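Down below is the structure, laid out as structure tokens.
Taken together, the values in this text are just the output of simple stated rules run on the coordinates, not laboratory data. Computed from a predicted model, the values in this text were never measured in an experiment. Glycine gets a Cβ as well: all are built from the backbone with ideal geometry, and neighbour counts include every protein chain shown.
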Amino acid sequence: MIATLLVANRGEIACRIFRTCRERGIRTVAVHSDADENALHTRVADTAVRLPGEAPAETYLRGDLVVKAALAAGADAVHPGYGFLSENPDFARAVLDAGLTWIGPPPEAIEAMASKTRAKKLMGLAPLTEVGESDLPVLVKAAAGGGGRGMRVVRRLEELDAALEGARAEAASAFGDGEVFVEPYVENGRHVEVQVLADAHGTVWALGTRDCSLQRRHQKVIEEAPAPGLSAELEDELRTLAVRAARAVAYVGAGTVEFLVADGKAHFLEMNTRLQVEHPVTEAVFGLDLVAEQIRIAEGHPLAADPPRARGHAVEARLYAEDPANGWAPQTGTLHRLTVPGVRLDTGYGDGDDIGVHYDPMLAKAVAHAPTRAEAIRRLAGALERAVIHGPVTNRDLLVRSLRHREFTSGRMDTGFYDRHLAGLTEPAPDPYAPLAAALADAHGRSRFGGWRNVPSQPQVKRYAMAGQEHEVRYRHTRQGPAADGVRVVHTADDLVVLEADGVRRRFQVSAYGDEVYVDSTRLTALPRFPDPAAQLAPGSLLAPMPGTVVRIAEGLTEGATVQAGQGLFWLEAMKMQHQISTPVTGTLTALHAKTGQQVEPGMLLAVVQETSS
């Protein structure tokens with residue numbers, strides 16, 4: 001029996017595994033980089049071990065340090081979570097060679113399936129070796145890992161070399177393996193997968209299907225179980241192929257076989273030899289704890305002959321710290337508060353935690369389960385809409401709007417959903433009363449009497465930045481309390497403002513953290529009443545949209561060079577993904593401040609491009 005388990009991971013998945021361990025009476029050990037010293041997963045574990053290293057993004061890839069930590073902490077088992085070393089057969093062998101129990105499939109099964117190129121050959125498929133015009137579009141894909149990293153769609157041959165270079169660099173950074181391959185890109189198919197669970201006694205369960213078609217930049221955003229709208233024949237085929245793949249490599253443990261479904265046909269993509277991010281929707285539908293099952297299987301227990309029956313429908317949404325108005329740049333800063341009422345919330349952050357630059361920007365996963373698909377969707381959309389998120393900008397509005405989009409609610413979505421609808425789903429829709437509510441709460445906090453005067457006076461003025469625009473608020477103090485044009489101020493307090501407009505009364509919860517103000521979950525920044533005229537940037541300034549590292553500068557880029565609109569000038573690496581910074585205009589590079597290897601912060605000046613006069 002396993003007594004003490006070390007999780008070779010961080011964040012949300014480490015916290016989720018620790019939760020199951022506590023329920024089963026298993027002691028827990030966390031590992032952490034220097035950047036994660038005070039992270040939530042280190043706080044909820046019974047013990048924690050520092051992994052030495054100067055590069056936080058690479059620390060969790062040091063299998064030798066993880067094994068050493070497990071032995072030092074007295075652990076007798078290691079769970080890899082997902083990402084990092086979870087599909088590294090050498091790490092699995094090192095754990096077993098150290099006399100520890102490995103909560104995962106045999107190293108040989110990982111080896112057979114962890115490389116997507118080898119997995120395709122095992123299934124009788126092969127990647128493209130030469131690419132011609134007739135093969136386009138194609139997908140450049142990392143042989144190891146997942147999560148959308150190391151993936152590029154290529155629609156023109158002249159883009160292939162750059163896509164290969166970028167994918168290799170991103171894959172090497174994320175997975176420690178820069179191998180990539182090229183395969184045909186199937187437009188507008190559905191991403192459907194099958195959860196498998198296998199014991200060491202020959203039993204393999206196929207736990208239904210999941211649909212993960214809503215993806216942005218090949219990163220899953222919304223997942224559900226079961227996949228809607230599949231024929232009974234296609235479901236049977238998917239389950240049969242998944243079990244066949246598992247048996248082909250003598251698989252043991254939890255794994256996922258992924259397919260692209262198009263025109264009623266299933267195209268094998270890969271087998272992930274680990275627990276998936278989206279595993280909670282399967283847990284909800286089948287009433288299982290997959291981590292508990294992984295532990296039982298590792299302890300040698302057999303599965304029942306047949307899996308439990310599926311009940312109802314579950315939908316999961318991934319909440320990311322990213323800014324839709326700023327090219328979806330990952331966001332950092334303090335997460336002051338995060339609550340999502342009425343649904344399961346898996347997260348690796350607590351209130352007050354800092355979101356850094358080194359790791360994936362996912363804050364949490366919200367999961368709703370209900371008797372029907374429509375009810376599950378409605379429940380999750382409502383919970384996210386009422387969520388309190390005080391901190392960096394997130395994709396919450398995108399999630400709510402996606403869940404309520406007719407194409408999704410009718411089950412007609414595919415992997416091209418965001419290619420068609422992203423612009424409309426991310427149009428800013430700030431609450432027009434949020435700045436007034438913020439100003440009234442601030443005024444109440446400064447003075448209970450709010451500066452009331454017995455003679456007419458100029459209105460009070462406050463300025464806020466909201467959704468990329470400045471808003472000026474004017475209100476007055478009267479004998480009856482504060483007043484503003486067009487609304488009736490019913491109540492004011494430090495944290496609550498009640499307004500009535502056109503006979504409709506609304507309550508606004510207000511929280512302030514320095515200059516950051518949150519009205520419900522609308523984020524505002526208090527601005528000085530009179531802007532500093534010296535704080536203007538030169539026209540054509542290119543600023544860093546996020547914190548990160550300059551990993552590449554366009555070849556031959558020097559001051560005085562001519563650049564074309566849309567040309568990539570810099571590549572920043574943040575949260576294990578590379579982001580291209582392009583010039584919006586054609587002109588001359590008059591100043592170059594960025595250097596390769598430089599750490600930059602949001603708003604830092606990278607270069608200046610003087611636009612060519614037309």
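Dipole size of region 130-266 about its Cα centre, with +1 on Lys/Arg Cβ and -1 on Asp/Glu Cβ: approximately 360 debye, rounded to the nearest 20. Between amide H atoms placed 1.01 Å from N, distances below 5 Å from residue 598 occur with 550, all of them 5 or more places distant or on a separate chain. The fewest-to-most ranking of 515, 397 by surrounding Cβ atoms within 10 Å reads 515, 397. A helix-only calculation puts the chain at -7500 deg cm²/dmol for mean residue ellipticity at 222 nm, using -39500 (n - 2.57) for each DSSP H run of at least four residues, averaged over all residues. Can you give the FRET efficiency for residue 485 and residue 262, using 1/(1 + (r/R0)^6), R0 = 60 Å, r = Cβ-Cβ distance, to the nearest 0.05? Approximately 0.60, to the nearest 0.05. Overall, region 307-389 carries a charge dipole of about 640 debye about its Cα centre when +1 sits on the Cβ of Lys and Arg and -1 on the Cβ of Asp and Glu, all other atoms neutral.
Considering only 423, 382, 435, and ranking their Cα positions along the charge dipole of region 374-447 that arises from unit charges at the beta-carbon of Lys, Arg, Asp and Glu, the one farthest toward the positive end is 382. Treating the angle as unsigned and between 0 and 90°, give the value, to the nearest 10°, between the Cα long axis of helix 63-73 and the longest Cα principal axis of the chain. Value to nearest ten degrees: 90. May I ask which residue of 606, 332, 33 lies farthest towards the positive end of the charge dipole of the chain, with charges of +1 (Lys, Arg) and -1 (Asp, Glu) on Cβ and the Cα centre as origin? Of 606, 332, 33, it is 332.
Annotation for residue 501 and residue 420: the two label points, set 7 Å from Cα along the Cα-Cβ direction, are 3.4 nm apart. Put +1 on the Cβ of every Lys and Arg and -1 on every Asp and Glu Cβ in the chain; which of 554, 285, 163 then has its Cα farthest towards the positive end of the dipole? Going by the Cα projections, it comes out as 285.
May I ask you to list the GluC sites (Glu not before Pro) in region 40-93 that are in a DSSP loop and have at most 16 other Cβ atoms within 10 Å of their Cβ? The partial results should precede the final answer.
Numbers: sites: 54, 58, 87; in loops: 54, 87.
In loop regions of region 40-93 (DSSP not H, G, I, E or B), the sparsely surrounded GluC sites (Glu not before Pro) are 54.
Counting only alpha carbon atoms, the long axis of helix 160-175 and the longest principal axis of the chain meet at about 80°. Taking the longest Cα principal axis of the chain as reference, the axis of helix 373-385 is set at about 40 degrees.
Longest span of the chain, sites excluded, free of chymotrypsin sites (Phe, Trp or Tyr not before Pro) in DSSP loop with at most 15 other C-beta atoms within 10 Å?
Numbers: sites that count: 449, 452.
It works out to 1-448.
Rg and Dmax, both from the Cα atoms of the chain and both in Å, are 26.2, 87.
Using DSSP to call loops (not H, G, I, E or B), can you name the GluC sites (Glu not before Pro) in region 124-216 whose Cβ has at most 10 other Cβ atoms within 10 angstrom? Working shown, then result.
Details: sites: 130, 133, 158, 159, 165, 170, 179, 187, 193; in loops: 130, 179, 187.
Loop-located and lightly packed - 130.
Explain nothing, just the number: dipole magnitude of the chain about its Cα centre with +1 on each Lys and Arg Cβ and -1 on each Asp and Glu Cβ, in debye rounded to the nearest 20. Provide the component values of the computation, followed by the final result.
On the way: 65 positive and 78 negative charges, 393 e Å.
Using only the charged Cβ atoms, the result is roughly 1880 debye.
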